[in-house]
Amino acid sequence: MSFVLLIVAIVFILIGIFFLTAGTIGFLRFPDFYSRMHATGKSDTLGLVLCLTGFALYNLHLGISFASVLVSIKILFIAVFWFFGNPTATHALTRAAFKSGILPWTKDGRTVIEWPPK
Amino acid sequence: MADNFFIVIGLILGLLALICLYRGIFGPTVIDRIVGVGAVGTKTLIILLLMGFMYRRIDMFVDISLVYAIINFIGVLIFAKYFLRKGVL
């Protein structure tokens, strides 16, 4: 039972690291602010939630008692808070950028929306 | 075995945090820098929990990590509110 928990926790952590790496590479290489937000806002959230679920399972693998179950619930609470919080922060930042006139990137340099919007 | 696995994961996360810090220093606009610093905070949150597992004091480090998550969220939200009102410089 404990061994199964360890294997499941390591698989969760590795999938989370994969998503964090993909989001960071997109954050480094994309040409525009909006596409960078698209890369990092979603995959960072998913990677952190998967990593924290893996940590909670690993903590349960160390020994099941009242204190360790409480610590696992706290770790899952961080995951739930971040699952709601990071999309909210991403939305607020993107709204601030759009309201202050940063235009989306296009390949030939022409804007696809008119600014300021009517 | 688990300690070595956590050290490798921590090194990978440190490298990712350095890449995000590059975008935070040389970002073209101000909002890019804010997002870069927020992404560094995401990686730091995982590294804090890893340090808790390595020091066998996870019951203490999980509270620090929770406070770090809340401060990171509030900071990004306040910056967004400021630039919404003032405009990007």
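Just so it is clear, none of the values below were taken in a lab; they were calculated from the coordinates. Computed from a prediction, not measured in an experiment: that's the story for all the values here. Cβ sites come from the backbone with ideal geometry, for glycine too, and all protein chains shown count toward neighbours.
Per residue of B:72-79, other chain Cβ atoms within 10 Å of the residue Cβ number 4 on average.
From the P(r) of segment B:2-86, could you give the percentage of C-alpha pairs in the tail past 15 Å? Of the Cα pairs, 62 percent sit more than 15 Å apart.
Here the protein assembly as shown is treated as an ellipsoid with the same Cα gyration tensor; its semi-axes, largest first and in whole Å, are 35, 17, 13. Find how many whole Å separate the alpha carbon centroid of segment B:8-54 from the alpha carbon centroid of segment A:6-31. Centre-to-centre distance over Cα atoms comes out at 13 Å. The A:Lys99 and A:Asp32 beta-carbon pair, evaluated with R₀ = 22 Å, returns a calculated FRET efficiency of approximately 0.85.
Rounded to the nearest 20 debye, the dipole size of the protein assembly as shown about its Cα centre is 660 debye, using +1 on the Cβ of Lys and Arg and -1 on the Cβ of Asp and Glu. Eigenvalues of the alpha-carbon gyration tensor of segment A:2-99, scaled by 5 and square-rooted, set the equivalent ellipsoid semi-axes at 32, 16, 5 angstrom, largest first.
Between B:Arg33 and A:Phe18, the distance separating the two model label sites (each 7 Å from Cα on the Cα→Cβ line) works out to 3.6 nm. In plain terms, the chain from B:Val67 to B:Leu18 could stretch by 15.4 nm, reckoned as 0.36 nm per residue minus the Cα-Cα distance. The residue among B:Gly27, B:Leu13, B:Gly52 whose Cα reaches farthest toward the positive pole of the charge dipole of segment B:1-84, with charges on the beta-carbon of Lys, Arg, Asp and Glu, is B:Gly27.
Note on chain A: dipole from Cβ charges, positive end direction compared against A:Ser100, A:Phe55, A:Ala22; the farthest Cα belongs to A:Ser100.
Evaluated with a Cβ-only charge set (Lys, Arg +1; Asp, Glu -1), chain A carries a dipole of roughly 280 debye about its Cα centre, given to the nearest 20.
Counting, for every residue in A:101-113, the Cβ atoms of other protein chains within 10 Å of its Cβ and taking the mean gives 1.
Restricting attention to the protein assembly as shown, lysine pairs at least eight places apart or on different chains and with alpha-carbon atoms under 23 angstrom apart total 11. Working note: Karplus 6.51/-1.76/1.60 with θ = phi - 60° gives segment B:14-31 the couplings x, 5, 5, 5, 5, 4, 5, 5, 4, 5, x, 8, 9, x, x, 10, 5, 5 Hz, where Gly and Pro are set to x. Report the FRET efficiency, 1/(1 + (r/R0)^6), for A:Ile73 and A:Thr106, where r is their Cβ-Cβ distance and R0 is 41 Å, rounded to 0.05. Once the sixth-power term is evaluated, E becomes 0.30. Summary value for segment B:4-81: 26 percent relative contact order, contacts being C-alpha pairs under 8 angstrom separated by 6+ residues.
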